[in-house]
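The structure appears below as C-alpha cells.
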Amino acid sequence: MESIKQIYRIGHGPSSSHTMGPMRAAGMFLERNKTAARFEVTLYGSLAATGKGHMTDGAILEILEPVAPTTLVWEPKIFLPFHPNGMGFKSFDCSGKVTESWTVYSIGGGTLANEDFNELKTQELYEMNTIQEIQDWCEDTGYSYWEYVEQCEGGDIWDYLNEVWKIMQQAVKNGLEAEGIIPGGLGLRRKASDYLIRAKGYGSNIRSRGMVYAFALAVSEENACGGQIVTAPTCGSCGVLPAVLYHLRDSRDFPDSRILKALATAGLFGNVVRTNASVSGAEVGCQGEIGVACAMAAAAACQLFGGTTAQIEYAAEMGLEHHLGLTCDPVCGLVQIPCIERNAFAAARALDANTFSTFSDGKHRVSFDQVVEVMRQTGNDLPSLYKETSEGGLAKNVNKRSQE
C-alpha cells in the first residue's frame with residue numbers, strides 16, 4: 001500500500017478524476033512534446049459524458065493551448081476496457097505527422113494509469129493492506145492507527161498533513177466568505193454563509209449540526225467553483241472530512257497536533273479502500289467518493305474522542321456500509337446536484353457513526369474490510385448509467401429549469 005499522500009492531493013476542483021487527473025496527464029504529455037505543432041485529445045466514456053460540466057476541457061486546454069493549437073474530440077459512448085475515464089493524446093509535427101500517441105486513464109483521486117504504468121503501484125510503504133491486519137497489529141503492540149502511519153511514512157508525513165490541514169481550513173474560510181452563483185448554468189447560489197448565520201441563531205444541538213452543514217457546504221462550493229481544496233478522497237467528496245475536523249476543532253478545542261493524527265488515521269482507512277477497491281465515481285459510483293469520505297471522517301472523529309481501535313474501525317465501517325450502492329448521477333455533469341448536499345449529509349452521518357460506535361464496545365458482525373469488498377462488487381454491478389456518465393438517476397430526471 002502506497003503513501004496516504006495519494007489520498008490527500010492538493011489542487012483545484014471540481015473533480016479529481018475529471019479535472020486534476022486530465023490536467024496532470026496533459027502536463028506529462030506536454031513535457032515529452034514541447035516542440036509539437038498541434039495536439040489532439042480524445043476523451044472517452046465518463047470523461048467525455050460529463051467532462052464539460054467537470055471542466056475537463058478547460059483543464060487540458062490550460063496546459064496544451066499555450067504551446068500549440070489543441071483539438072478536443074468527445075466520445076461518450078466509447079468505453080475503453082482499462083477504465084471508464086480514458087484519454088487519448090496525440091502530438092503532430094508541422095507536416096501533420098503523428099509524433100506520439102498516448103492513451104492514459106484517470107482512475108480516481110487524480111491518479112493516472114494505463115497498461116504500462118500505474119500510480120497506484122508506487123513505492124510500497126505499508127506492509128499490511130487491510131484494516132483487520134492493521135487492527136490486530138495495533139492491539140498486539142499497543143500502538144494506534146496513526147502511529148502505524150508514522151512508522152510506515154516517516155516523520156515527514158506530519159509536515160505534509162500540516163499543509164493539508166491548512167488548505168482544508170482555508171477552503172472552509174473561503175467558502176464561508178463567498179457568495180453568489182456557482183458557475184455551470186444551474187443557477188445554484190452558494191449557501192454556506194447563510195447556513196452559518198442561521199446556525200448561530202439556534203440552541204446548542206441544532207446550532208452544532210448547522211455549523212457542520214455550513215462547513216461542508218463551504219468546501220464543496222469552493223470545489224464546484226474551481227477553488228483550491230484537498231481530495232479526501234476525491235474532489236467531489238472533499239467537504240466531508242474538513243467539515244467534521246473544523247467543527248470538532250472549534251467546538252471541542254482539539255489542538256492541531258491531535259487533528260493531524262486524526263488525518264493520518266482517516267487517510268489510512270481511505271488508503272485501504274483505494275488499494276482494495278476504488279475511490280473513483282466512474283468505477284464504483286458515489287459510494288466510493290462520499291461513502292469513503294464518510295468512513296474517513298467517522299474514523300477521525302472517533303479517534304479524536306478517544307475511541308479504541310475497534311470502535312474506530314466500527315465507526316468507519318458504518319460510514320461506508322450505509323452508503324453502499326450510492327449512485328453517481330450529477331445533474332448536467334456538474335459537481336453540484338446532488339454532490340454538494342451529499343457532503344453536508346455525509347459529514348453529519350460521520351458524526352453519528354462516531355457517536356453510535358462509542359456507545360458500543362466496538363464488536364460487530366460486519367467488518368470494514370468486508371464492506372470494502374462489497375462496495376467493489378456493487379460498483380462492478382452498477383450500470384454505467386449510474387457511474388458519472390449523467391445518463392441515469394437524477395441527471396436524467398431532473399432538468400435544468402427545475403433548478404432555476
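The values are calculated or read from the model by the stated rules, or taken from the named source; none is laboratory data. Just so it is clear, the structure is predicted and the values come from calculations on it, not from any experiment. Note: ideal-geometry Cβ built from the backbone for every residue, glycine included; neighbour counts use all protein chains shown. Calculation scope for accessible area: heavy atoms of the full protein, side chains included, ligands and nucleic acids excluded. Shrake-Rupley method; radii C 1.70, N 1.55, O 1.52, S 1.80 Å.
Quick one: grab the alpha carbon gyration tensor of the range 35-138, order the square roots of its eigenvalues as a ≥ b ≥ c, and give me rounded if a/c is under 1.5, else prolate or oblate depending on whether a/b is larger than b/c. Prolate shape, in that a/c is at least 1.5 and a/b is the bigger ratio. DSSP bridge analysis restricted to the range 1-117 gives an antiparallel fraction near 75%, rounded to the nearest 5.
Diagonalising the gyration tensor over the Cα atoms of the range 90-181 and scaling each eigenvalue by 5 before taking the square root yields semi-axes of 37, 27, 12 Å, largest first.
With the alpha-carbon atoms of the range 52-111 aligned to their principal axes, the span from lowest to highest coordinate is 34, 23, 22 Å, starting with the largest.
Overall, the range 233-283 carries a charge dipole of about 120 debye about its Cα centre when +1 sits on the Cβ of Lys and Arg and -1 on the Cβ of Asp and Glu, all other atoms neutral.
A straight line joining the Cα centroids of the range 33-50 and the range 195-209 runs 47 Å. Computed on the range 193-319, the Cα convex hull volume stands at 109 Å³ per residue. Within the accessible surface of the range 301-404, defined with a 1.4 Å probe on protein heavy atoms only, the carbon and sulfur portion equals 51 percent. With the convex hull constructed from alpha-carbon coordinates only, the range 101-242 shows a mean projected area of 13.0 nm² over all directions.
A protection proxy built from the mean count of other Cβ atoms within 10 Å ranks the segments 14-27, 361-374, most packed first, as 14-27, 361-374. Remark on the chain: ratio of C-alpha radius of gyration to 2.2 N^0.38 Å is 0.96.
The range 252-330 has equivalent-ellipsoid semi-axes of 24, 12, 11 Å, by the square roots of 5 times the alpha carbon gyration tensor eigenvalues, sorted largest first. Just to confirm my understanding: which cysteines in the chain have no other cysteine beta carbon less than 4.7 Å from their beta carbon? Lacking a cysteine Cβ partner under 4.7 Å: Cys94, Cys138, Cys152, Cys225, Cys235, Cys238, Cys294, Cys302, Cys332, Cys339.
Size of the range 305-404: Rg and Dmax of its alpha carbons, in Å, are 16.4, 50. Between the Cα long axis of helix 290-304 and the first principal axis of the chain there is an angle of about 30°, rounded to the nearest 10. Legend: residue pairs Lys77/Lys396; Lys52/Lys77; Lys5/Lys261; Lys173/Lys387; Lys34/Lys97, Cα-Cα distance threshold 21 Å; pairs beyond threshold, Lys173/Lys387.
In the chain, if the dipole is taken from +1 on Lys/Arg beta carbons and -1 on Asp/Glu beta carbons about the Cα centre, which of Cys286, Ile197, Ala353 is farthest to the positive end? The residue sitting most towards the positive pole is Ile197. Applying the Karplus relation 6.51 cos²θ - 1.76 cosθ + 1.60 with θ = phi - 60° to the range 14-23 yields 3J(HN,Hα) values of x, 9, 5, 7, 9, 10, 4, x, x, 5 Hz, where x marks Gly and Pro. Using the 2.2 N^0.38 Å rule of thumb for compact globular proteins, work out how the range 299-356 stacks up: its C-alpha Rg over that value, please. Normalised Cα radius of gyration, the range 299-356: 1.31.
Overall, the range 199-330 carries a charge dipole of about 440 debye about its Cα centre when +1 sits on the Cβ of Lys and Arg and -1 on the Cβ of Asp and Glu, all other atoms neutral.
From helices alone, the chain scores -16000 deg cm²/dmol at 222 nm; the rule is -39500 (n - 2.57) for each run of n ≥ 4 DSSP H residues, then divide by the residue total.
The eigenvalues of the Cα gyration tensor, multiplied by 5 and square-rooted, give the range 340-399 an equivalent ellipsoid with semi-axes of 30, 18, 6 Å from largest to smallest.
Let a ≥ b ≥ c be the square roots of the eigenvalues of the Cα gyration tensor of the range 25-82; is it rounded (a/c under 1.5), or, if not, prolate (a/b larger than b/c) or oblate? Judged from the Cα gyration tensor, the range 25-82 comes out prolate (a/c at least 1.5, a/b above b/c).
The convex hull defined by the C-alpha atoms of the range 191-262 has an orientation-averaged projected area of 5.0 nm².
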